[in-house]
Each structure stands twice: as structure tokens, then as C-alpha cells.
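Derivation of every value follows stated rules applied to the coordinates shown; laboratory data play no part. Note that this is a predicted model, so its numbers are computed, not measured. Cβ atoms come from the backbone with ideal geometry, glycine included; neighbour counts cover every protein chain shown.
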Amino acid sequence: MNKRKYHTDPEILLEQGKAIMSSTDESKFHFRVFAVNMVLSGCSAADIGAMAGVSKMAVSGWVKTADEKGFDALRSKIRPGRPNKLTDEQLKAIDNVLQSDPNELGYKNWDGPTLASYIKSTYDITMSVRQCQRLFHALGYSLIRPQPYPSKGYEDTEERNDFKKTI
């Protein structure tokens, strides 16, 4: 089996890797550094890949990257994406509003269309109904509609009609 020829002394790389392992919270970076350290300690990339659920080529690539560019090159790159329409402060405020009574703000209940209307009127930000439904889910809410009539054995029609008017 061919041994890799390192540009940097493996002992130095191993010491750098151990130092990083004890000083970081980034889990993917931490995992990659750990895998490289295991290879530098004598384990095979195939064994590490099999134990960790990644390919041996991924582990070998991490070793090569750490050797040629240093351990910092193993950090995840910032991925581009569309920025959120709402700021973190606005999301916190919306979460607080959703916990309050919708009747206080002139809505019958909280659902996608009413949340979209609230966001448009309060923050002048247009969000689709589906986006608002996703926002409910992201904030930990689920849509539960009241049952407008009793399921069985309840015959008070006047009380039922009064209840229907409230929903």
C-alpha cells in the first residue's frame, strides 16, 4: 500500500489538528479535523469513512486539503442564499403576537392569510400565504381549526349558532 508523501510534517499537522479540536464548536469542521487526525495517527481513510458514514474519497480529500492548504480550509464555506424578508427582531415580535388573542387585532383566528395580512399592515412586507404557513411551522405552531358543531349527542342549536358566529 502506498504511503502518502506529505508537504507538511504529519506530526506538525497532528498537533495543529489536536489544538483545533479542543478550541472549536463547529461540528462539521470538528468532524473533518478529527477524521484527518485519525488518518495522521495511522488509521486508514477507508476504515474511518466506513465508521463515520462518508466515503473514503471524502476522508482522503480532507487529508489532502489539510496538508496542502491547512486545517482552516476544512471549514464549511458560506453558502449564498436569499436573505430572509423578516429580521430576527420582527420574528420575535410576530411570535409574541401569535401567542396573543387575534380578536384584539381584528382577526378571527391565526392562519396563513391573516398572518400575511398582519405582516403587510405592520411591516409593509409582502409574504405569500404559503410563506406564512412555513413561518408558522418554523415558529413551532400548527393549524388547528375549531369544530363548528359538536361531534355527537349535543342538540342545543341556539348555543351552537352562537358559537359558529364567533369563529
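With a simple spin-label model that places each label point 7 Å from the Cα along the Cα-to-Cβ direction, the separation between Glu11 and Ala93 comes to 6.1 nm. Averaging the sequence gap over all C-alpha pairs within less than 8 Å and six or more residues apart, then dividing by the number of residues, gives the chain a relative contact order of 13 percent.
Split the chain at each of the GluC sites (Glu not before Pro) in a DSSP loop with at most 13 other beta carbon atoms within 10 Å, and the longest piece is 27-154. Placing unit charges on the Cβ atoms only, positive for Lys and Arg and negative for Asp and Glu, gives the chain a dipole magnitude near 920 debye about its Cα centre. Would you mind checking the tilt of helix 27-40 against the longest principal axis of the Cα atoms of the chain, expressed as 0 to 90 degrees and rounded to 10? Tilt relative to the chain: about 20 degrees.
Restricting to Cα pairs below 8 Å that are 6+ residues apart, what does the relative contact order work out to for segment 22-112? Please round to a whole percent.
Relative contact order, segment 22-112: 20 percent.
Taking a ≥ b ≥ c as the square roots of the Cα gyration tensor eigenvalues, with a/c under 1.5 meaning rounded and otherwise prolate when a/b beats b/c, else oblate, which class fits the chain? Prolate.
Converting phi to 3J(HN,Hα) with the Karplus coefficients 6.51, -1.76 and 1.60 and the offset θ = phi - 60°, segment 42-54 yields x, 6, 7, 4, 5, 5, 5, x, 5, 6, 9, x, 10 Hz in sequence order, with x at every glycine or proline.
Charging the Cβ of each Asp and Glu at -1 and of each Lys and Arg at +1, and nothing else, the dipole of segment 10-74 about its Cα centre rounds to 200 debye. Residues in segment 135-143 carry Karplus couplings, in order, of 5, 3, 5, 5, 7, x, 9, 9, 7 Hz; the curve used is 6.51 cos²θ - 1.76 cosθ + 1.60 with θ = phi - 60°, and Gly or Pro positions show x. Shape class of segment 10-74 from the alpha-carbon gyration tensor: prolate, with a/c at 1.5 or above and a/b greater than b/c. Farthest toward the positive end of the dipole of the chain, out of His30, Ser117, Leu91, is the Cα of His30, where the dipole comes from beta carbon charges about the Cα centre. In this structure, the pairs whose alpha-carbon distance is over 18 Å, taken from Lys120/Lys165; Lys3/Lys64; Lys5/Lys64; Lys28/Lys92, are Lys120/Lys165; Lys28/Lys92. Each Cα pair under 8 Å and six or more residues apart adds its separation to the average, and for segment 10-74 the resulting relative contact order is 30 percent. Site-free segments of the chain were taken between chymotrypsin sites (Phe, Trp or Tyr not before Pro) in DSSP loops having at most 16 other Cβ atoms within 10 Å, sites themselves excluded; the longest one is 7-106.
Dividing the summed -39500 (n - 2.57) terms of all DSSP H runs of n ≥ 4 by the residue count of the chain sets its mean residue ellipticity at 222 nm at -16500 deg cm²/dmol.
Each residue, Ala52 and Ser100, gets one label point 7 Å from its Cα in the Cβ direction; the gap between the two is 4.9 nm.
Taking the C-alpha atoms only, the angle from helix 56-69 to the longest principal axis of the chain is near 70 degrees.
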